[in-house]
Amino acid sequence: MRAAAGIDPDTVLRLAASAESRSEHPLARAITDAALSRGLPLLPCSGLEAIVGNGIHARLEGADVWVGKRGLIGRLGLAVPADLDASAEELAMAGKTVMYVADRSRVQGIVAAADSLRPTARETIERLRQLGIGTITMLTGDNEAVARTIAGQLGISHDAELLPEDKLRIVQRMRGEGEAVAMVGDGINDAPSLATATLGVSLAGASTDVALETADLVLMGSDLRRLPEAIDLARRMNQIIRQNLVFAFSMMALLLLATFAVSLRLPFAVVGHEGSTVLVILNALRLLSTGRSSS
């Protein structure tokens, strides 16, 4: 955290935390927790507007406050002190996400937060590769330094500093190349890409309402390991459906042949038909044991 000349650093953090207190973004929670841990009382937030891909605008006790990227400050027409820009660049190079805090009159300062890997992220990526998913790319609005650090820890490719339309364009390009694309997202900025992907996936325990409404598949909780489990379960389900269709049609064909060839009596035909139905159901029930073994 850095404050502009003549501004108390706690004031900068208090403004940022108060504005972010009604946001669902993970970084917002980190900023709010930091302010509360310092014993800073939050100002009442009477309105919150998400500025897609750039930040937020909030009303705090009747005053306008903006928290977001450097480009957002430029749109407001406010001058940024050179020392704050230098500090922001230094923090970004250290792998932190930098947010500028401003009111109508001036830039108050900057706050920074570091993205951290979920404890299960590496295990999830490894399991996805075991399932034969070779192309895994992180799409993020964070700066290049942050994205490179996180992606490097996971051993995956990345595209950084993306706006929602940039993510959408990448997903559309992949689909245009004939690829089946699964998009995993949890924020407002991810909604267009979730809707366009072959399969949009969101996490019930860590996603915005917009992402949950847009996604095709919602994984309960916030455990990323549920994603490869869901893919594996879907593949097993498709396999069992094909097996059941082949078995059911084969049995029907056999019963028809037997009826015309040897005048199969009705009781035996009923037993054969209903017996095949029971076997199809039992085969499908194997998915229950698959779920228990993978959880």
Using each residue's phi in the stretch 20-32, evaluate 6.51 cos²θ - 1.76 cosθ + 1.60 at θ = phi - 60° and report the 3J(HN,Hα) Karplus result to the nearest Hz, with x for Gly and Pro. 7, 5, 9, 8, 9, 6, x, 5, 5, 5, 5, 5, 4
So between S46 and M237, what do we pick up on full extension, going 0.36 nm a residue minus the alpha carbon distance? 63.9 nm
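In percent, what relative contact order does the chain have, based on Cα pairs under 8 Å that are 6 or more apart in sequence? Present the calculation step by step, with values, prior to reporting the outcome.
Values: 446 pairs, mean separation 33.0, N = 295.
Here the relative contact order equals 11 percent.
Would you calculate the volume per residue, in Å³, of the smallest convex hull containing every Cα atom of the stretch 38-87?
Details: hull volume 5.7 nm³, N = 50.
Dividing the Cα hull volume of the stretch 38-87 by its residue count gives 114 Å³.
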Filter the GluC sites (Glu not before Pro) in the stretch 131-203 to those in DSSP coil with at most 15 other Cβ atoms within 10 Å of their Cβ, and list the result. E161, E177, E179
When the chain is treated as a GNM, springs tying every alpha-carbon pair under 10 Å, which of A191, A35, A211 comes out with the largest mean-square fluctuation? A35
In nm, to one decimal, how far is the D10 label point from the D209 one, both placed 7 Å along Cα→Cβ? 3.5 nm
Separation between Cα centres of the stretch 1-42 and the stretch 225-255, rounded to whole Å: 52 Å
Residue-count net charge about V181 - beta-carbon cut-off 12 Å; Lys, Arg +1, Asp, Glu -1: 0
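Please compute the net charge surrounding V171, taking Lys and Arg as +1 and Asp and Glu as -1 over other residues with Cβ under 15 Å from its Cβ.
Values: positive: K167, R169, R173, R175; negative: D159, E165, D166, E177, E179, D190, D216.
Net charge in that neighbourhood comes out at -3.
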Principal axis dimensions, the chain - Cα atoms, whole angstrom, descending: 99, 36, 30
Separation between Cα centres of the stretch 123-153 and the stretch 71-85, rounded to whole Å: 32 Å
Which residues' amide hydrogens lie under 5 Å from the amide hydrogen of V184, considering only partners 5 or more residues apart or on another chain, with H built in the peptide plane? V201
So what are the ³J(HN,Hα) numbers for the stretch 271-278, from phi and the Karplus equation (6.51, -1.76, 1.60; θ = phi - 60°), rounded to whole Hz, Gly and Pro as x? 4, x, 5, 5, x, 5, 5, 4
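Under a Cβ-Cβ cut-off of 14 Å, what is the net charge of the residues other than R235 that fall near it, where Lys and Arg count +1 and Asp and Glu count -1?
+2
Here, each number is a calculation from the coordinates, and none is a lab measurement. None of the values given here were measured: they were computed from a predicted structure. Glycine gets a Cβ as well: all are built from the backbone with ideal geometry, and neighbour counts include every protein chain shown.
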